[in-house]
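Enquirer: The following block contains the structure, expressed as structure tokens.
The values are calculated or read from the model by the stated rules, or taken from the named source; none is laboratory data. If you're wondering where the values come from, they're calculated on a predicted model, not measured in any experiment. We place every Cβ from the backbone using ideal geometry, glycine too, and count neighbours over all the protein chains shown. For the accessible areas, the whole protein counts, side chains as well, though only heavy atoms, and no ligand, DNA or RNA atoms are used. Shrake-Rupley method; radii C 1.70, N 1.55, O 1.52, S 1.80 Å.
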Amino acid sequence: MSETDPIVVCKPTKWFLWRALTMIAMFLVLGGWFFKDWKVGYPKKNLVYYTYEAFEVAEEEFRKQRKSGLTAEEWSRFAKAQEVEIPEQSGILPEGMTGNLPWPEILSDFKRMRAEIVSGEGRGRHPILWSEYTNEKGWSEQPPKADYDSGKIRNQLISGIVCMVLAGGAIFLLVRTLGRRMEVDEEAFVAAGGVRIPFTDMIRIDKRKWENKGL
């Protein structure tokens, strides 16, 4: 063995590797979740929320007009002229949709509306018509409790970007650390940065970071 052959070689431990990979995975999953809510999740929930409000408005209007001898033709004409009430904000609905959305076709059906009102008198909701409509759309029958304005949706985008930046930083630190090593030969200690420190130049060993570093 020559005098410069390493006796001990220390590389990053598996503990450090798994910890870094866990952090990277966490940031990537969170970032993806935030992006999903920004692009799809929150806008879709808004669509469900505002559509459900249209069902409630339709019920109230039907009750009012029914007292004055409402006919099927009058209700159909009225319902088809109505639009779902949506705040004038950009980016709060799924891509390609605007705030000019007509009432669902099922609300213009006079007979079904009348049967719904009579069977559900006093309940203040559309358990049958809404259930049928959500089954057709593939939505949850339980509507969101509140809508999401453009500010809340934008915050999901910002949170997603922050998570991805943190994931990138963690990946950089992982790659940099994996390439580092410490060595000890018969004459000196070689630090992770490549600096060679002869034993004859050492005064003391600083062990303050040994307990919390994954090396």
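Enquirer: Any idea which residue in region 165-214 is nearest to Trp18 (Cα to Cα), counting only those that are basic (Lys, Arg) and outside any loop (DSSP other than H, G, I, E, B)?
Expert: Among those residues, the one meeting the criterion is Arg176.
Enquirer: Still on this structure: Name the pairs whose Cβ atoms lie under 6 Å apart, with the first residue in region 184-200 and within 16 Å of Lys11 (Cα to Cα), the second of a type in the set (S, T, N, Q) and open to solvent by 40 Å² or more (accessible area, probe 1.4 Å), and 6 or more positions between them or separate chains?
Expert: Going by the 6 Å Cβ cut-off, the qualifying pairs are Asp185/Thr4.
Enquirer: Hey, another quick one. Quick check: anything in region 46-62 at pLDDT 95 or above and farther than 30 Å from Arg77 by Cα?
Expert: Checked region 46-62: no residue is at pLDDT 95 or above and farther than 30 Å from Arg77 by Cα.
Enquirer: Look through region 83-115, keep the residues that are among the aliphatic types (A, V, I, L, M) and over 26 Å from Lys36 (Cβ atoms), and return whichever of them is surrounded by the fewest Cβ atoms within 10 Å (Cβ to Cβ).
Expert: By that ranking, first place goes to Ala115.
Enquirer: Search region 2-37 for residues being more than 24 Å from the chain's Cα centre (by Cα) and free of Cβ contacts under 8 Å to residues at least 40 places away in the same chain, and hand back the single one that is least open to solvent (accessible area, probe 1.4 Å).
Expert: Checked region 2-37; the qualifying residue least open to solvent (accessible area, probe 1.4 Å) is Ser2.
Enquirer: Now for a separate question. If you check every pair at least six apart or on different chains, which have Cβ atoms under 6 Å apart with a residue in region 153-171 that is without any contact (Cβ under 8 Å) to a residue 12 or more places away in the chain first and a residue that is part of a helix (DSSP H, G or I) and surrounded by fewer than 17 Cβ atoms within 10 Å (Cβ to Cβ) second?
Expert: none
Enquirer: Moving on. Could you go through region 23-37 and let me know if any residue there is of a type in the set (Gly, Ala, Ser), under 20 Å from Asp149 (Cβ atoms) and modelled with pLDDT of 90 or more.
Expert: Looking through region 23-37, none of the residues is of a type in the set (Gly, Ala, Ser), under 20 Å from Asp149 (Cβ atoms) and modelled with pLDDT of 90 or more.
Enquirer: Is it true that Ser140 is part of a loop (DSSP other than H, G, I, E, B) and open to solvent by less than 80 Å² (accessible area, probe 1.4 Å)?
Expert: Yes, satisfied.
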